[in-house]
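Heads up: the structure comes next, in structure tokens.
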Amino acid sequence: MATTTTTEAATEVAHGAAKAGMPQLDPTHFANQIFWLVVTLLVIFFVLKLVALPRIGGTLATRRGTIVNDLAAAEELKQKVVAAEKAYNDALVAARAEAGKIVTAAKADIQADLNKAIAKADVEISAKAAESAGRIDEIRAGAQDAIAEVAKDTAKELVAALGGKADARSITAAVTARLKG
Amino acid sequence: MKRKTDVAAEAQEGGLSFHPLQQFEVHPLFGDGPIHWYTITNATVWLLLAALAVIFFFAYGSAGRKLVPSRLQSIGEMGYDFVHNMVVDVTGEDGAKYFPMVMTLFLTIVFSNMLGLLPGSFSPTSHIAVTAVMGVGVFLFVTLLGFWKHGLHFLGLFWMKDAPLILRPIIALIELISYFVRPVSHSIRLAGNIMAGHAVMKVFAAFAPMILISGIGVLVTPVSVLAITAIYALEVLVAFIQAYVFTILTCVYLKDALHPSH
């Protein structure tokens, strides 16, 4: 009991000395601080080592893996898109070429048909024109004859009406001469 | 108890109370007895709160294992990536197995520092006893690891092969001294930074009630409040940077142990 009191008294003295200066230099509580610091460090160390760090490390690794995988998938999809676009463009070019061919062929067909039709029409037109020319000539000849006839008759009648006497032959000759002139 | 009345008396006498170091005092949480090695003190509470914060952010926060992380999960993952990259960048791939150890140090320090910034709290990292245990611990670990991995070749760390032969013993001596200074600077840097920042804030805080005492307070009080705000912002930065510095130095020492030939 006596020793305890002396120790406490000594502690109190040391305490007082330190209180005058920096509490940090008071050795009476060094053991206490060191003990609790070691406890704290051990608690934190084992919590980190056994629970927190593996967990966080695992989460980070998983996330990194997911990101890498997603990027790879995105890259793959991008390749697919490029391929699909290329296929689409190829198909478009092919279709255009095909369409061009069809248009050219159709144009050629139409031209051929047209040429044939024109030629046929030309032939028909020329035939019709020749026929018409014949008809016109015929009509014209007919008209000439009719005119000559009418002129002779009219001339005869006129001569007769004027009191002359004319023979058919001289009148005809005269009218013919006149018609020619 | 007696001391507290002294403080009160001084405060009444002088008007302002300057006790910037009072915040670093360790006292038992329950009762007023002596501090045994197992006694739960205010320092213990804030260290254990740091441990709880680590459990909350890193163990509880990561439990979802979501592919698209929640905000809480993001914090854990950012911390993981931050320290993991630091370890791998500095020590190389073979240092990755010491990542949990380095992460433990970083998180203990960063959470102690940050929680220590809460008003009325206690900063375990402002105590040299705490930082020295970590600094010396790292020093011993790294030195033993170096000898265990490389045997006596580890001493090649001190023998500069690209220096002129005459200079090599001198450089070796300097290197040896600087090697043994490492744990000292390593731990005092952290404790000193945290302590200084908190003490400065307390000094400004002591000036803040000046307006209740004297006319000059009209000027002093706003200035000290602004100064506390500015120092507090700086301290948030320091809290993180000192944790970072401690951690990256640990990585550098680890690299020396793993690859002693420069």
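Would you say B:V54 is crowded, with 20+ Cβ neighbours inside 10 Å, at the interface with chain A (Cβ under 7 Å from one of its Cβ atoms), hydrophobic (A, V, I, L, M, F, W, C) and farther than 23 Å from B:G197 by Cα?
Details: crowded, with 20+ Cβ neighbours inside 10 Å: yes; at the interface with chain A (Cβ under 7 Å from one of its Cβ atoms): yes; hydrophobic (A, V, I, L, M, F, W, C): yes; farther than 23 Å from B:G197 by Cα: yes.
For B:V54, the condition - crowded, with 20+ Cβ neighbours inside 10 Å, at the interface with chain A (Cβ under 7 Å from one of its Cβ atoms), hydrophobic (A, V, I, L, M, F, W, C) and farther than 23 Å from B:G197 by Cα - is met.
Quick test for you: out of B:F99, B:F106, B:F82, pick the one residue that is closer than 20 Å to B:T247 by Cβ, within 9 Å of chain A (Cβ to nearest Cβ) and either among the hydroxyl-bearing types (S, T, Y) or not in a loop (DSSP other than H, G, I, E, B) (or both). Quick ask: steps written out before the conclusion?
Details: B:F106 fails: within 9 Å of chain A (Cβ to nearest Cβ); B:F82 fails: within 9 Å of chain A (Cβ to nearest Cβ).
That would be B:F99, the only listed residue that is closer than 20 Å to B:T247 by Cβ, within 9 Å of chain A (Cβ to nearest Cβ) and either among the hydroxyl-bearing types (S, T, Y) or not in a loop (DSSP other than H, G, I, E, B) (or both).
For segment A:143-163, state whether one or more residues are part of a helix (DSSP H, G or I) and either within 31 Å of the chain's Cα centre (by Cα) or within 14 Å of chain B (Cβ to nearest Cβ) (or both). Lay out the reasoning, then the answer.
Filtering segment A:143-163 for residues part of a helix (DSSP H, G or I) gives A:143-161.
Filter once more, so that each one left must be either within 31 Å of the chain's Cα centre (by Cα) or within 14 Å of chain B (Cβ to nearest Cβ) (or both): none.
Checked segment A:143-163: no residue is part of a helix (DSSP H, G or I) and either within 31 Å of the chain's Cα centre (by Cα) or within 14 Å of chain B (Cβ to nearest Cβ) (or both).
Could you tell me how many of the residues in segment B:61-79 are at the interface with another protein chain (Cβ under 8 Å from one of its Cβ atoms) and in a loop (DSSP other than H, G, I, E, B)? Break it down stepwise before answering.
Pass one, segment B:61-79, residues at the interface with another protein chain (Cβ under 8 Å from one of its Cβ atoms): B:62-63, B:65-67, B:69, B:73, B:76-77.
Now narrow it down to the ones that are in a loop (DSSP other than H, G, I, E, B): B:62-63, B:65-67, B:69.
Final tally of qualifying residues: 6.
Restricting to segment A:32-83, name every residue that is at the interface with chain B (Cβ under 9 Å from one of its Cβ atoms) and among the charged types (D, E, K, R).
Once the filter is applied, which keeps residues that are at the interface with chain B (Cβ under 9 Å from one of its Cβ atoms) and among the charged types (D, E, K, R), segment A:32-83 yields A:K49, A:R55, A:R63.
Please work out which one of (1) part of a helix (DSSP H, G or I); (2) among the small types (G, A, S); (3) surrounded by fewer than 20 Cβ atoms within 10 Å (Cβ to Cβ); (4) in contact (Cβ under 8 Å) with a residue 40 or more places away in the chain is the condition B:S112 fails and give its number.
Of the numbered conditions (1) part of a helix (DSSP H, G or I); (2) among the small types (G, A, S); (3) surrounded by fewer than 20 Cβ atoms within 10 Å (Cβ to Cβ); (4) in contact (Cβ under 8 Å) with a residue 40 or more places away in the chain, the odd one out for B:S112 is (3).
Testing B:L29 on (1) surrounded by 16 or more Cβ atoms within 10 Å (Cβ to Cβ); (2) within 15 Å of B:S121 (Cα to Cα); (3) modelled with pLDDT of 85 or more; (4) out of contact with any His (no Cβ under 7 Å at 6 or more places or on another chain), one condition comes back false. Which one is that?
Going through (1) surrounded by 16 or more Cβ atoms within 10 Å (Cβ to Cβ); (2) within 15 Å of B:S121 (Cα to Cα); (3) modelled with pLDDT of 85 or more; (4) out of contact with any His (no Cβ under 7 Å at 6 or more places or on another chain) one by one, B:L29 breaks only (1).
Out of all the residues in segment A:2-19, is one or more at pLDDT 50 or above and either under 18 Å from B:L49 (Cβ atoms) or facing chain B (nearest Cβ under 7 Å) (or both)?
No - not one qualifying residue is present in segment A:2-19.
Results for (1) within 30 Å of B:T143 (Cβ to Cβ); (2) of a type in the set (A, V, I, L, M, F, W, C); (3) surrounded by fewer than 16 Cβ atoms within 10 Å (Cβ to Cβ); (4) out of contact with any strand residue (DSSP E or B) (no Cβ under 6 Å at 6 or more places or on another chain), shown as yes or no for each residue.
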site: B:G217; (1), (2), (3), (4): no, no, no, yes
site: B:V220; (1), (2), (3), (4): no, yes, no, yes
site: B:V225; (1), (2), (3), (4): no, yes, yes, yes
site: B:Y232; (1), (2), (3), (4): no, no, yes, yes
site: B:V238; (1), (2), (3), (4): yes, yes, no, yes
site: B:D256; (1), (2), (3), (4): yes, no, no, yes
site: B:H259; (1), (2), (3), (4): yes, no, no, yes
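The values are calculated or read from the model by the stated rules, or taken from the named source; none is laboratory data. Source: prediction; values computed, not measured. Glycine also receives a Cβ, built like all others from the backbone with ideal geometry; neighbour counts cover every protein chain displayed.
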